[in-house]
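In what follows, a structure is listed as C-alpha cells, so that the remarks can point back to it.
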Amino acid sequence: MNRLIVFTLAALSTTLSLWAQETMEQDMFESMKDDDKAVVVAVHKDAQSGIGQQGIDRLTLKLREIYPNCDYREACTTQGAMPTAPDPDELFAQLEKDGYTHVLVQPSDITNDLDVQYLRHMVEGAKGKFKHLRMGEPLLSDVEDYQEVADLVIKTFGTMPKEVSVLVCPSDDEGDASFMMLEYSLRDESDGSWLLATTNGIPTIDHLIKVLKMGKIKKVRLVPFNGEVNGAMRGEMTKKLQQAGYKVTAETRTLMEQEGIIQLFEQHVRHAEKFRRLTPKEQKITTR
C-alpha cells in the first residue's frame, strides 16, 4: 500500500511539472471585442455522484457570482442522466451557432477520472469553433489541492479523543487512486486520527477495517463528503463496522457544505481563465 501511494504521488508530481511547463499566462477575456460573447459552462457527470446535487447548486451560484458579465450554461457527460443538460459536444455546437466566442468550462468532478478525460477530449475537439475555449481542473488536481482539502476537513470537523474519524467519499471508479492520496494527506496531517473510505472505490471499507484493527481502534466517527453518500455510509458501511466490533457515530454536516471546497473550484476556473495551454508547436519551441 505504501509503495503504491509513493508511486502515485511521484507520478502526480511529474504530471504537474509537465503541465506547468505547457501553460502560459494569457487572460482569455482581455481580448474580447464589443461584438464578442462569453459564457461559463459547468459540466457534470450526473447529479448523484461526484459533488452531488448540493455541490452542483453551490458551484452554480459561485460561477454566476464570479462571472456576472458572462452567460451560464450546463452540460452533462452521461447521456440522459440530467435531462435539462445536453451533451458537451451538443452544447458546444449550439454555442457556436449562437455566436459565442469565449467559452470557459469547469467540471464538477472531484478527481481527474475517466469522465474528466472524456470531457477534456471533447474540449480539445471543439477549440476550433471559438476564439477561446478553456477548461478548469477538477477539485483534486495537484498536491496543494489534497493538502487544502485535508486541512479543511481537520479544521472543520476536528479530532476526537480515543476515536478515529473517517471521511466517506463518493467513488464508483475502482481504478482511481486519487482518494488514496487524499487519505495519505489526512493521516499525515492528523497523526492518524483521520482516515478515508469510499462508497465503491479505493480505499474500500475492508481496507478501513484492516487499518482500524492495526491501530486497535474501538470508536469510529463517519463524516460524509456530501449528502449523496449518506445512504451507503449509514447503511452497509455502518453495518460492516458494527459487525467488526466498532461503535459507530455519524456526522450530520457534510464536507460539501463548507465554503473552502467551492473556493478550491473557484481557484481552478480562475486559473483556466488566466492561463492557456501551449499548442504542440509552441511546446516544441519551448523544449528546444
### Summary
With no solvent term and unit scatterers on the alpha-carbon positions of the stretch 99-185, Debye gives log₁₀ I(q)/I(0) at q = 0.14 Å⁻¹ of -0.63
#### Entry: Structure-based [θ]222 nm, the chain - -39500 (n - 2.57) summed over DSSP H runs of at least 4, per residue, nearest 500
-13500 deg cm²/dmol
#### Entry: Accessible surface of the stretch 86-232 [probe 1.4 Å, protein heavy atoms]: carbon and sulfur percent
49
### Query
Given the chain reduced to its alpha-carbon atoms as identical point scatterers, what log10 I(q)/I(0) does the Debye formula return at q = 0.08, 0.09, 0.13 Å⁻¹?
-0.37, -0.47, -0.90
#### Entry: the stretch 26-168, Rg to Rh (Cα coordinates; Rh as Kirkwood inverse mean 1/r)
1.04
### Message
For the chain, what does the accessible surface come to per residue with a 1.4 Å probe? Please give it in Å².
### Response
50
### Query
Once the dipole of the chain is set up with Lys and Arg at +1 and Asp and Glu at -1 on Cβ about the Cα centre, which of Val166, Thr111, Gly136 lies farthest towards its positive end?
Val166
### Query
Across bins of 5 angstrom width beginning at 0, how are the C-alpha pair distances of the stretch 163-220 distributed, in whole percent?
4, 21, 32, 25, 13, 4, 0
### Phi to ³J(HN,Hα) by Karplus 6.51 cos²θ - 1.76 cosθ + 1.60 over the stretch 164-176, Hz, x for Gly, Pro
9, 9, 10, 7, 9, 10, x, 8, 10, 10, 5, x, 8
### Query
Percentage of Cα-Cα pair distances in the stretch 130-286 greater than 18 Å, rounded to whole percent?
61
### Task
Measure nothing fancy, just the Cα-based angle from helix 259-274's long axis to the longest principal axis of the chain, in degrees from 0 to 90, nearest 10.
30
### Summary
At R0 = 30 Å the Cβ-Cβ FRET efficiency linking Gln79 and Lys129, nearest 0.05, sits at 0.90
### Task
For Lys37, enumerate residues with amide H under 5 Å from its amide H, sequence gap 5+ or separate chain, H modeled in the peptide plane.
Thr101, His102
#### Entry: Value of relative contact order over the stretch 84-209, rounded to a whole percent, pairs C-alpha under 8 Å and six or more apart
21
### Query
If you plug each phi of the stretch 50-66 into the Karplus form 6.51 cos²θ - 1.76 cosθ + 1.60 with θ = phi - 60°, what whole-Hz ³J(HN,Hα) values come out, in order, with x for Gly and Pro?
x, 7, x, 4, 4, x, 4, 4, 6, 5, 4, 4, 5, 5, 5, 6, 7
#### Entry: Candidates Phe157, Phe179, Phe92, ranked by Gaussian network fluctuation over the chain, Cα under 10 Å, top entry
Phe157
#### Entry: Point-charge dipole on Cβ atoms (K/R +1, D/E -1) for the chain, about Cα centre, debye to 20
960
#### Entry: DSSP bridge pairs, the chain: antiparallel proportion in percent, nearest 5
10
### Summary
Taking placed amide H atoms and a strict 5 Å upper bound, the residues 5 or more places from Leu133 or on another chain that come that close are Val103
### Task
For Leu196, list long-range residues whose amide hydrogen, built 1.01 Å from N in the peptide plane, is under 5 Å from its own amide hydrogen.
Leu167
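The values are calculated or read from the model by the stated rules, or taken from the named source; none is laboratory data. Note that the coordinates shown come from a computational prediction; the quantities given were computed from them, not determined experimentally. Every residue, glycine as well, gets a Cβ built from its backbone with ideal geometry; the counts of neighbours run over all protein chains shown. SASA here: full protein model, heavy atoms, side chains in, ligands and nucleic acids out. Shrake-Rupley method; radii C 1.70, N 1.55, O 1.52, S 1.80 Å.
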